[in-house]
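Trainee: Questions regarding the structure given below will be posed in turn.
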Amino acid sequence: MQVKTILNRIQRHRSFVYGPARLVQGARLALEVEVRPRANSKARCSGCGNPAPGYDKLPARRFEFVPLWGIAVFLLYAMRRVSCPSCGVKVETVPWATGKHQITDTYAWFLARWARRLSWKEVAQVFHTSWEKVFRSVEMAVEWGRAHQDLSGVTAIGIDEIAWQRGHRYLTLVYQIDEGRRRLLWIGQERRVKTLLRFFRWFGKERSAELRFICSDMWQPYLKVIAKKAGDAIHVLDRFHIMAKMSKAIDEVRAKESKELAAKGYEPVLKRTRWLLLKRPENLTEKQEPKLAELLQYNLRSVRAYLLKEDFQFFWGYVSPYWAGQFLDRWCRRTMRSRIEPMKKMARTLRAHRPLLLNWFRAKGAISAGTVEGFNLKAKLTLRKSYGFRTYRGMEVALYHGLGALPEPRFTHEFC
Ligand SMILES: [Zn+2]
């Protein structure tokens with residue numbers, strides 16, 4: 001059997017035929033397969049896509065294809081130039097590659113698929129290619145997927161922010177969080193009014209009008225834009241963001257108190273207690289449990305703040321917004337008397353956003369609670385895995401690829 005028989009089976013092009021194949025021993029063993037235009041077929045102009053009369057022929061170019069048995073595979077083809085009535089002299093367009101790419105679309109999709117399972121660096125190593133080529137492949141897949149994705153039926157979105165570049169800069173991420181359909185919809189640089197306005201411009205007026213639920217944290221620029229652009233939607237301050245803020249407050253209390261104790265020469269009781277105080281009790285390890293029990297015997301501000309936080313967890317269990325509101329008011333009154341400044345600040349913030357907080361109970365069942373948190377974790381993991389992304393573009397492409405649930409074209413043959 002000849003190589004071209006396989007190629008004709010898995011990837012046939014109407015106006016081109018496969019010629020003979022030969023093995024070439026370079027730095028790596030390679031298989032080169034000649035490609036020729038079918039007799040009487042006209043080249044198509046890369047400017048407009050129409051068939052046009054021939055002009056001349058360029059030297060043969062190599063297009064990398066999916067490797068076979070660890071052997072690199074290249075299609076060898078001499079591009080024709082056409083004299084197009086509307087575009088002038090142009091290089092022809094070929095169905096197996098896009099623009100000036102040195103790799104075939106098939107191989108690019110192959111690499112992009114592997115890049116979902118491995119880091120880009122690992123994909124490059126496994127397939128003996130460059131990081132740059134893997135990046136370009138994933139970028140191509142993301143561009144195609146974003147151009148072909150279906151944005152209808154989005155009724156619930158979650159807005160989240162993530163720090164990058166060691167916390168010096170922020171990204172705004174918008175997710176679809178409908179039951180049954182969850183994905184990353186959009187990424188923007190910064191977390192300003194301008195940023196979120198850009199999302200709504202991209203999303204469009206009609207689709208924005210169909211939004212029923214929007215989850216976000218209490219970040220003022222977001223609140224402002226949401227009220228303006230999706231006023232009919234129920235705006236929910238979600239559990240994940242509130243509890244994250246609460247944890248920050250506890251961290252602050254603990255850090256300050258720990259310093260004070262050390263300054264007074266007390267035994268550092270608060271040393272290595274950070275996670276004891278931030279974790280939910282049911283998530284503690286066997287070693288941590290007795291440590292927490294011991295810590296709770298002290299009348300420390302950190303301990304009292306921790307107990308306030310744990311008490312607040314009951315809030316999320318309510319069904320009726322009315323009773324949840326009663327609980328919230330009681331909790332805030334108690335916290336205001338605690339004389340722990342970061343917690344008092346938290347209570348003031350919660351009071352100020354009371355209606356949006358209670359919307360959580362109005363949205364119950366329509367949006368899944370853990371979604372934003374789950375995406376937040378995945379996004380952070382993607383960023384951490386991606387040491388190579390010094391640029392915003394690299395990071396953006398990786399996040400869309402990993403979390404966007406983007407569609408792919410249908411292939412006649414599945415390579416991986
Ligand atoms: Zn043309």
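The values are calculated or read from the model by the stated rules, or taken from the named source; none is laboratory data. Bear in mind the structure is a predicted one, so any value in this text is a computation, not a measurement. Methodologically, a virtual Cβ is constructed for each residue, glycine included, from the backbone with ideal geometry; neighbour enumeration extends over all protein chains shown. Areas reflect the complete protein model, heavy atoms only, side chains present, ligands, DNA and RNA absent. Shrake-Rupley method; radii C 1.70, N 1.55, O 1.52, S 1.80 Å.
Trainee: Of the conditions (1) within 16 Å of the ligand (Cβ to nearest atom); (2) farther than 21 Å from ALA141 by Cα, SER41 fails just one. Which one is it?
Mentor: For SER41, the exception is condition (1).
Trainee: Going through region 374-412 one residue at a time, which ones are buried (at least 16 other Cβ atoms within 10 Å of the Cβ), modelled with pLDDT under 90 and β-branched (Val, Ile, Thr)?
Mentor: THR382 - this is the single residue of region 374-412 that is buried (at least 16 other Cβ atoms within 10 Å of the Cβ), modelled with pLDDT under 90 and β-branched (Val, Ile, Thr).
Trainee: Look at region 74-92 and say how many of its residues are surrounded by fewer than 22 Cβ atoms within 10 Å (Cβ to Cβ), among the aliphatic types (A, V, I, L, M) and within 13 Å of the ligand (Cβ to nearest atom).
Mentor: Going through region 74-92 one residue at a time, the tally reaches 2.
Trainee: Tell me whether region 49-61 contains one or more residues that are within 16 Å of the ligand (Cβ to nearest atom), under 37 Å from the mean Cα position of the chain (by Cα) and in contact (Cβ under 8 Å) with a residue 12 or more places away in the chain.
Mentor: Yes, that holds for at least one residue.
Trainee: I would also like to ask the following. Please work out if SER46 is under 28 Å from GLU132 (Cα atoms), within 12 Å of the ligand (Cβ to nearest atom) and open to solvent by 50 Å² or more (accessible area, probe 1.4 Å).
Mentor: So SER46 fits the description; yes.
Trainee: Quick one: which residue in GLU132, GLU161 is of a type in the set (D, E, K, R), in a strand (DSSP E or B) and modelled with pLDDT under 95?
Mentor: Working: GLU132 fails: in a strand (DSSP E or B).
Going through GLU132, GLU161 in turn, just one is of a type in the set (D, E, K, R), in a strand (DSSP E or B) and modelled with pLDDT under 95: GLU161.
Trainee: Taking the stated definitions as given, is MET243 open to solvent by less than 90 Å² (accessible area, probe 1.4 Å), aliphatic (A, V, I, L, M), within 23 Å of the chain's Cα centre (by Cα) and modelled with pLDDT under 90?
Mentor: When the stated conditions are applied, MET243 does not pass them.
Trainee: Does LEU270 satisfy being open to solvent by less than 20 Å² (accessible area, probe 1.4 Å) and closer than 25 Å to LEU237 by Cα?
Mentor: No: the conditions fail for LEU270.
Trainee: Among the numbered conditions (1) touching a strand residue (DSSP E or B) at 6+ places or on another chain (Cβ under 7 Å); (2) assigned to a helix (DSSP H, G or I), tell me where PHE200 comes up short.
Mentor: If we test PHE200 against (1) touching a strand residue (DSSP E or B) at 6+ places or on another chain (Cβ under 7 Å); (2) assigned to a helix (DSSP H, G or I), just (1) comes out false.
Trainee: State whether one or more residues within region 108-117 are open to solvent by 80 Å² or more (accessible area, probe 1.4 Å) and more than 26 Å from ARG44 (Cα to Cα).
Mentor: yes
Trainee: Sort through PHE314, PHE415 and tell me the only one that's open to solvent by 30 Å² or more (accessible area, probe 1.4 Å), over 29 Å from GLU260 (Cβ atoms), touching a Phe, Trp or Tyr at 6+ places or on another chain (Cβ under 9 Å) and not in a helix (DSSP H, G or I).
Mentor: PHE415
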